[in-house]
1. If you count, for every residue in A:27-37, the Cβ atoms of partner chains within 10 Å of its Cβ, what is the mean?
2. Based on the mean of other Cβ atoms within 10 Å per residue, sort peptides A:259-268, B:245-254 so the most packed one is first.
3. Tell me the per residue accessible area of the range A:65-110 using a 1.4 Å probe; a whole number in Å² is fine.
4. Accessible area lost on pairing A with B, both sides, 1.4 Å probe, Å² to nearest 100?
5. Could you check the simple spin-label distance between A:Trp71 and B:Val31, using points 7 Å along Cα→Cβ, in nm with one decimal?
6. Classify the range B:62-111 as rounded, prolate or oblate, taking a ≥ b ≥ c as the square roots of the eigenvalues of its Cα gyration tensor: rounded when a/c is under 1.5, otherwise prolate if a/b is larger than b/c and oblate if not.
7. Could you give the distance between the Cα centres of the range B:220-283 and the range A:140-162, to the whole Å?
8. Check the straight Cα-Cα distances from B:Lys188 and name the lysines below 17 Å, setting aside those fewer than 8 residues away within the same chain.
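The values are calculated or read from the model by the stated rules, or taken from the named source; none is laboratory data. Note that this is a predicted model, so its numbers are computed, not measured. In this analysis, Cβ positions are derived from the backbone assuming ideal geometry, glycine residues included, and neighbour counts consider all displayed protein chains. Please note that ligands, DNA and RNA were not included when accessible areas were found on the heavy atoms of the full protein model with its side chains. Shrake-Rupley method; radii C 1.70, N 1.55, O 1.52, S 1.80 Å.
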Amino acid sequence: MSRSPNRRALLVGASATAAAAMLGGCDRLGNAEWFRRTLKTGEDANMFVQRLLLGEATLAPEYAEADISPWFKPNGTEDPPDRDYKALAKAKFAKYHLVVDGLVEAPFKLSLGELRKLPARTQITRHDCVEGWSAIGKWTGVPLTDLLSRAKLKPEARYVVFHCADTMDQGNSLEGGGDGEGTDEVPAGNANPSMTKQSGSGESRKDSGGQQASEDTAASGGSPVRYYESIDLVDAFHPQTILAYDMNGQALPISNGAPLRLRVERNLGYKQAKYVMRIEVVESFANLGDGKGGYWEDQGYAWYAGI
Amino acid sequence: MARTYLTRSAPETGEVERRRWMFRHPLVIRVTHWVNAICLLVLLMSGLQIFNAHPALYWGKVSTFDAPLMAMTQTEDDPPKGMTTVFGHGFDTTGWLGSSVGSDGEAADRGFPAWTTLPSNQDLTGGRSWHFFFAWAFVLNGIAYLLYGLVSGQLRFRVIPSRDQIRHFGASIWEHLTLRFPQGDEAKRYNVIQKLTYLIVLFVLLPVQVLAGLAMSPAMNAAFPFLLTLFDGRQSARTVHFVVASLLVLFVVVHVALVLLSGFRNNMRGMLTGWFVIERKVEPAVPAGEPRA
Ligand code: HEM
């Protein structure tokens, strides 16, 4: 070939410059609101198509006892710093009550003992963290369907929100601590230290969150951000959607969400809210948290977590 | 075969015709080729971003955290080192894998370095948005390519080796190894190794990549449990997805190298405008201007 070394050097240099410019360009694009929204249409399409493919009662695969992971990796909050929670835990959750309210005809409260007396479902399922890892666990708990039928949904009901005990950050962007409870389960999460760094904007919140949120949060009257999640009625009435109090045949450990956590199979880990205190039925989650339907959703994760 | 080509005579009229113009790549093929190239690049880089959220691979249904097939970690040393462990063997990969310097100049705990990931900083949710958007673009573009290729006959012509090519398989390999590129009529079609490579990429690697991607979705696992059977579990699907992505990188590297070696300008003009020049073999001089097709 007739190319001179100079020309070749020029070409290589030009390509390198172009590549660098392209990378920078992609980052800049990725920060532009319109482009972000465009990219998100991919995730909207995921939900649209997967919902078409899935029957309402299509079950997630269930596994055998032998498949249970020896260690079920806890992620996100592993020990809620909140004073109220610590008090409950200290008393072995004897004073714990699950509240079911919102757009229902008959709101109610149940203690852990009462929950345990209700008909239960046990399932061995795989938990997939958005980070990429998986673990298999055996869950026993009350089907959410039973709780919702007992409460009787009002016609406007569209989503079920899970408010959790664990404070994630001392945020101030939220309206009242009252609204967003949250669970954690940070699929994206905190488990892996690298995760904590992940979502650019969310990162400082996350770092400060988990641990320091601590006792005074509740007392200070600030607006702590607690973990919360939401699912729609398709997932809420799915036969494998349960509020689990047992894991692998034993009371749920604190690191895995005691006393009660959501299992909403067919979804990634961040949907599986831990430390659930209150189930609120709503028409829209627009005025909870930052309005995206969950703690991680508020950090940019997709509300639909089927992939 | 002649049916596939339009030719026009060389612009330098008057001379003995050495070069022949051939319309090699129809518009649909050119457009889908470049869309595909962009999609693969974005999918690769956003995929590495996703990988970095948990830079370890396993086999089977679940993660065996203490026995990964491959893992990238940063050590506690000061300054930290990057370690990559593959099948239990550790390698120091400081600066490349496990620990590398980001745009802030700080060494950070990350699998692949910032310049290979999209976005460049650690941003799992950003990476996922890019990955899924371009996965859709890639799949729709691929379907358009396949439909067009089937209906127009281009696909068969391009990637299925003809009988004579199979017969001369050995000779082709030798030509290939010695980087002698075919001239004259033989340059009008892809050679047998090229065809087989494209065949494997099109009908094995890319479909497996899509299926492995889908097999990692808990919702797809409920809808199509056979996906898990196919890959022997979700974590193996993730590993397969990673390995196939690496094979695709290998393919692209060789593909681009051959494009450079076999006449960069001609190849690029071919894939951009459709027009490609065939260099005539010199020996059997054909009288100028005699129609050949
Ligand atoms: C329709 C096509 C595709 C789908 C549905 C898909 C889906 C996915 C998913 C769900 C993940 C996340 C894995 C995790 O949880 O860690 C992922 C990761 C990844 N993807 Fe894709 N992907 C597709 C195509 C591709 C292609 C064509 C490439 C390569 C050019 C690619 C490269 C990667 C890489 C390198 C990763 C990270 C490593 C891994 O987890 O294997 N993907 N992809």
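1. 3
2. A:259-268, B:245-254
3. The answer is 55 Å² per residue.
4. Result for this pair: about 4100 Å² buried.
5. In this crude label model, A:Trp71 to B:Val31 measures out at 5.3 nm.
6. prolate
7. After rounding, the separation between the Cα centres reads 49 Å.
8. Correct list for B:Lys188: B:Lys281.
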